[in-house]
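The structure under discussion appears below in the form of structure tokens.
The values are calculated or read from the model by the stated rules, or taken from the named source; none is laboratory data. Predicted model only: the values in this text are computed from it and were never measured. All Cβ positions, glycine included, derive from the backbone under ideal geometry; neighbour counts span all protein chains shown. Each accessible area value is taken on the protein alone, full model and side chains, heavy atoms only, with ligands, DNA and RNA left out. Shrake-Rupley method; radii C 1.70, N 1.55, O 1.52, S 1.80 Å.
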Amino acid sequence: MKPPATLTRAAATRLLAERLTTEVVVSNLGQASLDLQQIADRPLNCYTYGSMGQCSSIALGIALARPDVRVVCLDGDGSLLMNLGSLCTIATEAPRNYALVIWDNEVHETTGGQPTATAARSNLAAIARGAGVEKALEVRTEEELRRAYDRILREDGPFVVNVKVATGRAEGRLDRDVVGHARRFKRALAELPVR
Amino acid sequence: MADPSWSKHVADILRRNDIRTFATVPDYVVTHVLEHLWADPECRVVTVTREEEGVGLLSGAWLAGRRGALLMQNSGLGNCANALASLNVAGQIPIVLVISHRGDLGEFNPAQVPMGQATGPVLDALAIRWVKPSSLAELEAQADGLIKLAYTRSLPVAFVLPAELTGGKQG
């Protein structure tokens with residue numbers, strides 16, 4: 001039996017938000033974006049609302065286009081499982097400014113909590129290593145998460161950090177201004193001077 | 001007979017419209033275009049594992065200020081329909097699709113035909129403006145205007161490249 005996850009997605013999002021300065025954060029559709037909007041809405045957040053599975057690829061495109069900016073992607077286990085090939089592309093392109101953080105609650109939370117493959121035998125950090133991402137971590141405690149954040153915000157990546165989080169839906173409603181948020185993000189990133 | 005310079009024309013059209021970031025799942029036909037892009041140190045070509053990954057990647061690149069084009073076979077259009085709809089059309093994120101058209105005139109593989117025949121209707125259903133130039137003259141007459149429209153509307157556009165233009169793939 002695996003120990004139950006004690007970290008919550010909201011607490012893990014809050015710990016990241018405390019550390020953010022000029023990083024880009026790309027968040028997965030549903031719960032990851034809702035938590036991020038409610039805890040730390042900012043123009044350099046890139047929310048996604050559809051295209052399930054594509055969050056890590058969108059973040060990769062940003063990281064390749066702006067190698068001077070650190071890009072943190074907040075994906076979900078169900079969504080990443082839909083686009084596992086993305087891990088191979090991340091490993092091949094190997095952007096140093098890229099970190100993929102996975103909220104792995106082992107269920108499809110947004111659709112009602114149906115178990116994903118990580119509830120059974122699949123391990124996303126091991127899959128990432130198999131894809132060729134050397135810095136692939138699994139995190140279960142707040143202390144481990146703090147250390148992981150310190151690394152992804154300072155060290156060269158690419159990183160994959162699989163965070164085991166408890167199930168549970170965020171309160172409130174997502175602001176679904178899809179076009180407005182995309183434009184706000186594009187403008188904010190364009191205004192960030194190239195270093 | 002297809003003019004073998006078609007692939008250089010396509011590569012030049014993309015580059016003269018400030019597109020330097022490319023994603024691809026290669027096929028026999030678009031590889032002729034890719035060879036020009038791979039040889040150009042100013043171009044970044046990312047080979048993805050599935051076409052919709054390219055849609056995500058190029059959408060991210062556009063949000064970060066770079067124009068992108070996805071080179072693929074029409075089978076790949078089927079693989080990325082939802083991403084094009086829910087990311088690019090809903091979010092008004094432009095992307096240029098360069099699609100080699102299998103499953104139409106001269107096709108030898110029955111498995112290619114259904115998606116080949118569905119290519120135009122799928123693009124139409126997504127409100128993606130597309131052209132299908134059957135000669136170099138048509139290609140050159142339409143290309144800059146189509147790409148300009150993509151960024152004016154802030155929506156995807158598609159070049160469907162038929163065997164009449166490219167020579168296709170001979171079985």
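Observations
- Between residue A:179 and residue B:170, the distance separating the two model label sites (each 7 Å from Cα on the Cα→Cβ line) works out to 4.9 nm.
- For segment A:68-133, DSSP calls about 25 percent of its internal beta bridges antiparallel.
- Accessible area expressed per residue, chain A, with surrounding protein chains retained (probe 1.4 Å, Å²): 42
- When A:35, A:68 are compared by accessible area of protein heavy atoms, the largest-first order is A:68, A:35, using a 1.4 Å probe.
- Mean ellipticity per residue at 222 nm, deg cm²/dmol - from DSSP H runs of n ≥ 4 across chain B, formula -39500 (n - 2.57): -13000 deg cm²/dmol
- Screening chain B for DSSP H helices whose Cα atoms reach 24 Å or more along their own axis and whose mean Kyte hydropathy is at least -1.0 gives B:136-153.
- Shape call, segment B:27-171: gyration tensor on alpha carbons, a/c limit 1.5: rounded
- In the assembled protein chains, residue A:2 presents an accessible area of approximately 90 Å² (probe radius 1.4 Å).
- Within chain A, DSSP assigns beta bridges of which about 10% are antiparallel (rounded to the nearest 5).
- Using a Förster distance of 35 Å, the FRET efficiency for residue B:35-residue B:124 (Cβ separation, nearest 0.05): 0.65
- Cα gyration tensor category, rounded, prolate or oblate, for the protein assembly as shown with a/c compared to 1.5: prolate
- Exposure of residue A:41 as accessible area (Å², to 10), given a probe of 1.4 Å and all protein chains: 80
- Label-point separation, residue A:191 to residue A:121 (7 Å along Cα→Cβ), nm: 5.2
- Residue pairs, from the table B:132/B:169; A:2/A:135; B:148/B:169, whose Cα atoms sit over 19 Å apart: A:2/A:135; B:148/B:169
- Inter-chain shielding of B:82-92 (mean C-beta neighbours from other protein chains, 10 Å cut-off): 5
- When the residues B:107, B:35 are ordered by accessible surface, computed with a 1.4 Å probe over the protein chains alone, the sequence from largest down reads B:35, B:107.
- Using R0 = 56 Å, the C-beta based FRET efficiency linking residue A:6 and residue A:68 works out to 0.95.
- Here residue B:38 sits with roughly 130 square angstrom of accessible surface, probe radius 1.4 Å.
- Using 0.36 nm per residue and subtracting the Cα-Cα separation, the extra length available between residue B:18 and residue B:141 on full extension is 42.5 nm.
- Segment A:132-195: equivalent-ellipsoid semi-axes (sqrt of 5 x gyration tensor eigenvalues, Cα, Å): 28, 22, 10
- Couplings for segment A:167-184, taken from phi via the Karplus curve 6.51 cos²θ - 1.76 cosθ + 1.60 with θ = phi - 60°, read 6, x, 8, 6, 6, x, 10, 5, 7, 9, 7, 4, 6, x, 5, 4, 5, 4 Hz in order; Gly and Pro are left as x.
- Sequence-separation-based contact order of segment A:1-109, relative, with Cα cut under 8 Å and 6+ spacing, percent: 28
- Accessible surface comparison of A:84, A:137, B:77, probe 1.4 Å, protein chains only, largest first: the order is A:84, A:137, B:77.
- Rounded to 5, the percent of DSSP beta bridges in the protein assembly as shown classed as antiparallel: 5
- Between segment A:62-124 and segment A:158-195, the Cα center-to-center distance that results, in Å: 14
- The relative contact order of chain B comes to 25 percent, based on Cα pairs under 8 Å that sit 6 or more residues apart.
- 1.4 Å probe, heavy atoms, protein only - residues of segment B:40-56 losing at least 30 Å² accessible area vs chain alone: B:44, B:46, B:49, B:52, B:53, B:56
- Cα shape, segment B:92-167, gyration tensor, a/c 1.5 rule: oblate
- Each of residue B:153 and residue A:166 was given a label point 7 Å from its Cα along the Cα-to-Cβ line. The distance between the two points is 4.9 nm.
- Between segment B:1-46 and segment A:130-156, the C-alpha centres lie 37 angstrom from each other.
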